[in-house]
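Can you keep this structure in mind? I'll have questions shortly.
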Amino acid sequence: MDRIIGIDLGTTNSCVAVVEAGVPKVIPNKGGYKTTPSIVAISESGRRLVGQMAKRQAITNAQHTVYAAKRLIGRKWGSAPVMHCLETCPYEIVQGPHDDARIMLRGKDYSLPEISSIILQEMKLVAEQYLEEEPTKAVVTVPAYFNDSQRQATKDAGRIAGLDIVRIINEPTAAALAYGFGKNIDATVAVYDLGGGTFDISILEIRGGVFDVLSTAGDTFLGGEDFDARIIEHLAYEFAREHRVDLRKDEMSLQRLKDAAERAKIELSTMKEAKVGLPFIYTKESGEALHLQTSITRDRFEELVADLVHRSIKICKATIQEAGLDVEDIDDVILVGGMTRMPKIQAAVQEFFGKEPSKAVHPDEAVALGAAIQGSALSESRQDVLLLDVTPHSLGIMVHGGGFERLIEANTTIPTAHSHTFTTVRDNQTAVKIIVFQGENDMAAENELLGEFVMKGLRAAPAGVVEVDVEFNISADGIVSVRAVDLETGKEQSITVTATSGLTEEEIEGMIHENQDYLMALKEDEEIEIERNRLSKMMREVEKHLQRLSSQEDESSETADACDSARVAVNEARNALSSRDFELVMASVSALERAKTVLAGIQ
Ligand code: AMP
């Protein structure tokens, strides 16, 4: 079986790893970095930029640069996260055709799976350059608290990128795999994962090679970005007080503030005070340039984010309870995610768990390494690693009166299935509509709508006579599917529940083709560039020969003819250089090659 790579598709950074000769290893990108910024931009010329290249031009191309797309993937238009981004993101978010959010970049709207697919493709490329073969399969990680729509959208992103996501696993579980892999560990551990956009906590029992998740919870809107936002607010407020200008209203200033806020936050992990200097941050209508020159102390920063830290600890408490444990039962705490480098986070975790967190795994690499370990276990059908994960949300249906009937409780081990028999409630009812939700609220509408489907063609009969058996499945990926059987006729209907905001099969196919066309055009561009360079070099060489011969005063007609044809070839090459016609460039290269051989033969 093909090698399966592991990808940590992060909000801020992404990372790819592979297991080689039994050893998991992170693959560095071309620049030598082990992580790649999860940033996508479209340049003025329509070219896609990813990672460091996209980050570098973010300030000057803020409107067409997308960061933290993971916060929007699988979300509905009008949901709180989308509304929040509408206010704070410099890129334009528009309503998609399925009540989804899309991002408008240079006149084209991109679905969130498309944006993520560009990042996945980049990670695939990083792996390909190292492995010297194209990887086609991957295990991709998602926050444990991702719901069905977010997982489904991530899978779609893989398809668009030409990557078969053979398994989706939860980030904290992946980190625990990296922590316990190859060691004979017998312990109950907590994984505290605070990344750029999301917070997750999972409690696991590790016994030998069995990784058994007892409970998981999180907040998909709690992460480094929120910590940055507090610094941005603080700086913008101070600036507004002095200059009566809201820097957040100006895209370029906002992007610079954002960069400076993150830099200050990171600096405050090692320093007691961070200086923030943003000269020429704003130019008034009068032409007067304003500068931002200030500093922020670690204490002040900790005050600004105290509630965020507290929120994460509250979730830890509930998750331990949910696992049926006390905090004293936790043998080790694993810290994952860039934000866990913040001293206040480490102190809060240490205080709550009553022990120093483990330093055994690298906070930026553990998740990708775990994904690679799971990939290798799946590809080699290895028995030494067994992952038993849970579903983070309860799954249920809307019942009469709008109530939510739970069919599968949160924290049930997956894969799992549950059957439920529905009967008709009206006389001669020939169709039954089933509306599926995920969440913990007793009112269905307060939970996340996954989808609805209608079982048609039932026998007309008095109410309560016809019965339909419906089986709800949650796969090992955490993805929900529903199968319904009319018990009388044995007629079966099967659907994979996709939220109204999901992409249709036709759209995904279209995006796959569009992506392939883009890649093909890119490859052609690269090939033509190589040939154009060859052509320029050849032109210079022929011109050198022509110069040499003209200084020799060789007046033979043979030489004159050869020089004339060489000049014609050089002129044609000049035209070819500005053309995008591959055939023409190649023909010109051949003509110059011939001319060069002839001229070189004349002494
Ligand atoms: P991740 O999603 O795990 O890559 O985490 C990225 C987040 O961690 C971003 O918000 C970063 O700003 C933050 N981060 C990275 N390094 C540090 C650091 N030394 N101190 C505080 N936050 C950091």
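From the residues in the stretch 99-130 that are part of a helix (DSSP H, G or I) and among the charged types (D, E, K, R), which one is nearest to residue 153 (Cα to Cα)?
So, considering only residues that are part of a helix (DSSP H, G or I) and among the charged types (D, E, K, R), the one nearest to residue 153 (Cα to Cα) is 114.
Could you run through the stretch 235-290 and say how many residues are more than 15 Å from the ligand (Cβ to nearest atom) and in contact with an Asp or Glu (Cβ under 6 Å, 6 or more places away or on another chain)?
The total comes to 1.
Check the stretch 73-80 and report whether any residue there is in contact with a helix residue (DSSP H, G or I) (Cβ under 7 Å, 6 or more places away or on another chain), hydroxyl-bearing (Ser, Thr, Tyr) and in the same structural domain as residue 175 (by TED's automatic domain parsing).
There is no residue in the stretch 73-80 that is in contact with a helix residue (DSSP H, G or I) (Cβ under 7 Å, 6 or more places away or on another chain), hydroxyl-bearing (Ser, Thr, Tyr) and in the same structural domain as residue 175 (by TED's automatic domain parsing).
Ok, one more. Checking residue 120 against (1) buried (at least 21 other Cβ atoms within 10 Å of the Cβ); (2) more than 19 Å from the chain's Cα centre (by Cα); (3) among the hydrophobic types (A, V, I, L, M, F, W, C), which single condition isn't satisfied?
(2)
Follow-up question, since we're still on this one. Take the residues of the stretch 59-73 that are within 25 Å of residue 150 (Cβ to Cβ) and either at pLDDT below 95 or within 16 Å of the ligand (Cβ to nearest atom) (or both): which is surrounded by the fewest Cβ atoms within 10 Å (Cβ to Cβ)?
The first filter runs over the stretch 59-73 and keeps only residues within 25 Å of residue 150 (Cβ to Cβ), leaving 64-73.
Next, from what is left, pick out any that are either at pLDDT below 95 or within 16 Å of the ligand (Cβ to nearest atom) (or both): 66-73.
Details: 66: 25, 67: 25, 68: 19, 69: 26, 70: 30, 71: 21, 72: 27, 73: 28.
Here the answer is 68.
Given the condition within 16 Å of the ligand (Cβ to nearest atom) and part of a helix (DSSP H, G or I), answer yes or no: does some residue in the stretch 371-381 qualify?
Yes, some residue in the stretch 371-381 is within 16 Å of the ligand (Cβ to nearest atom) and part of a helix (DSSP H, G or I).
For residue 111, only one of the following conditions fails: (1) among the polar types (S, T, N, Q); (2) within 20 Å of residue 199 (Cα to Cα); (3) more than 16 Å from the ligand (Cβ to nearest atom); (4) buried (at least 22 other Cβ atoms within 10 Å of the Cβ). What is its number?
(2)
Something else now. For residue 153, are the conditions met, namely being closer than 16 Å to residue 353 by Cβ and more than 16 Å from the ligand (Cβ to nearest atom)?
Taking the combined requirement at face value, the residue does not satisfy it.
Between residues in the stretch 332-345 that are acidic (Asp, Glu) and residues that are more than 6 Å from the ligand (Cβ to nearest atom) and not in a helix (DSSP H, G or I), which pairs lie under 7 Å by C-beta distance while being six or more apart or on different chains?
332/187; 332/189; 332/358
Can you pull out every residue in the stretch 176-205 that is under 16 Å from residue 144 (Cβ atoms) and either outside the structural domain of residue 25 (by TED's automatic domain parsing) or more than 16 Å from the ligand (Cβ to nearest atom) (or both)? Don't jump to the end; show me each part of the working.
Keep residues of the stretch 176-205 that are under 16 Å from residue 144 (Cβ atoms), which gives 176-179, 189-205.
Once the filter is applied, which keeps residues that are under 16 Å from residue 144 (Cβ atoms) and either outside the structural domain of residue 25 (by TED's automatic domain parsing) or more than 16 Å from the ligand (Cβ to nearest atom) (or both), the stretch 176-205 yields 177, 189, 190, 203, 204, 205.
Scan the stretch 335-352 and tell me whether some residue there is within 13 Å of the ligand (Cβ to nearest atom) and either in contact with a His (Cβ under 8 Å, 6 or more places away or on another chain) or part of a strand (DSSP E or B) (or both).
Yes, the conditions are met somewhere in the stretch 335-352.
Let me ask something else about it. If residue 45 satisfies every condition in (1) at pLDDT 90 or above; (2) in a loop (DSSP other than H, G, I, E, B) but one, which is the exception?
Condition not satisfied by residue 45: (1).
So which of 471, 440, 452 is without any contact (Cβ under 8 Å) to a residue 24 or more places away in the chain and under 18 Å from residue 394 (Cβ atoms)?
Testing whether each residue is without any contact (Cβ under 8 Å) to a residue 24 or more places away in the chain and under 18 Å from residue 394 (Cβ atoms) leaves just 452.
Which condition number in (1) surrounded by fewer than 18 Cβ atoms within 10 Å (Cβ to Cβ); (2) in contact with a strand residue (DSSP E or B) (Cβ under 9 Å, 6 or more places away or on another chain); (3) modelled with pLDDT of 95 or more is the one that residue 261 fails?
(1)
Within the stretch 315-329, is there a residue that is away from the ligand (no atom under 14 Å from the Cβ), surrounded by 14 or more Cβ atoms within 10 Å (Cβ to Cβ) and not assigned by TED's automatic domain parsing to the domain that holds residue 172?
Looking for residues that are away from the ligand (no atom under 14 Å from the Cβ), surrounded by 14 or more Cβ atoms within 10 Å (Cβ to Cβ) and not assigned by TED's automatic domain parsing to the domain that holds residue 172, one finds none in the stretch 315-329, hence no.
If we scan the stretch 529-543, do we find a residue that is in a helix (DSSP H, G or I) and in contact with an Asp or Glu (Cβ under 6 Å, 6 or more places away or on another chain)? Let's see the steps before the verdict.
If we filter the stretch 529-543 for residues that are in a helix (DSSP H, G or I), which is where we start, we get 529-543.
Add one more test, that the residue is in contact with an Asp or Glu (Cβ under 6 Å, 6 or more places away or on another chain), and what stays is none.
Within the stretch 529-543, none of the residues are in a helix (DSSP H, G or I) and in contact with an Asp or Glu (Cβ under 6 Å, 6 or more places away or on another chain).
Out of all the residues in the stretch 469-491, which are modelled with pLDDT under 90 and either among the polar types (S, T, N, Q) or more than 20 Å from residue 416 (Cα to Cα) (or both)?
Passing the criteria: 481, 486, 487, 488, 489, 490, 491.
Now for a separate question. So in the stretch 29-55, with the set limited to residues that are hydroxyl-bearing (Ser, Thr, Tyr) and within 13 Å of the ligand (Cβ to nearest atom), which one is nearest to residue 224 (Cα to Cα)?
Once the filter is applied, the top-ranked residue is 38.
Still on this structure: Here are some residues: 360, 372, 377, 348. Which one is within 29 Å of residue 267 (Cβ to Cβ), outside the structural domain of residue 441 (by TED's automatic domain parsing) and at pLDDT 90 or above?
348
Pairs needed: first member in the stretch 10-28, within 16 Å of the ligand (Cβ to nearest atom); second member anywhere, assigned to a strand (DSSP E or B) and among the basic types (Lys, Arg); C-beta distance under 9 Å; at least 6 residues apart or different chains.
17/25
Just for the stretch 280-323: of the residues that are assigned to a loop (DSSP other than H, G, I, E, B) and out of contact with any Ser or Thr (no Cβ under 8 Å at 6 or more places or on another chain), which one is modelled with the highest pLDDT?
305
Name the pairs: first residue in the stretch 258-273 and under 15 Å from residue 229 (Cβ atoms), second residue near the ligand (Cβ under 9 Å from one of its atoms), Cβ to Cβ under 7 Å, at least 6 apart or on different chains?
258/228; 261/228; 262/228; 265/227; 265/228
Does the stretch 452-461 contain at least one residue that is outside the structural domain of residue 375 (by TED's automatic domain parsing), over 28 Å from residue 217 (Cβ atoms) and modelled with pLDDT of 90 or more?
Within the stretch 452-461, one or more residues are outside the structural domain of residue 375 (by TED's automatic domain parsing), over 28 Å from residue 217 (Cβ atoms) and modelled with pLDDT of 90 or more.
Let me ask something else about it. So which residues in the stretch 358-370 are buried (at least 19 other Cβ atoms within 10 Å of the Cβ) and assigned to a loop (DSSP other than H, G, I, E, B)?
361, 363, 364, 365
List, please: which pairs have Cβ atoms under 7 Å, are six or more places apart or on different chains, and start with a residue in the stretch 373-390 that is closer than 16 Å to residue 17 by Cα and end with one that is among the acidic types (Asp, Glu)?
Taking only residues 6 or more apart or on different chains, the pairs are 379/2.
The values are calculated or read from the model by the stated rules, or taken from the named source; none is laboratory data. This structure is a prediction, so every number in the text was calculated from the model and none was measured. Please note: Cβ atoms are built from the backbone with ideal geometry, for glycine as well, and neighbour counts cover all protein chains shown.
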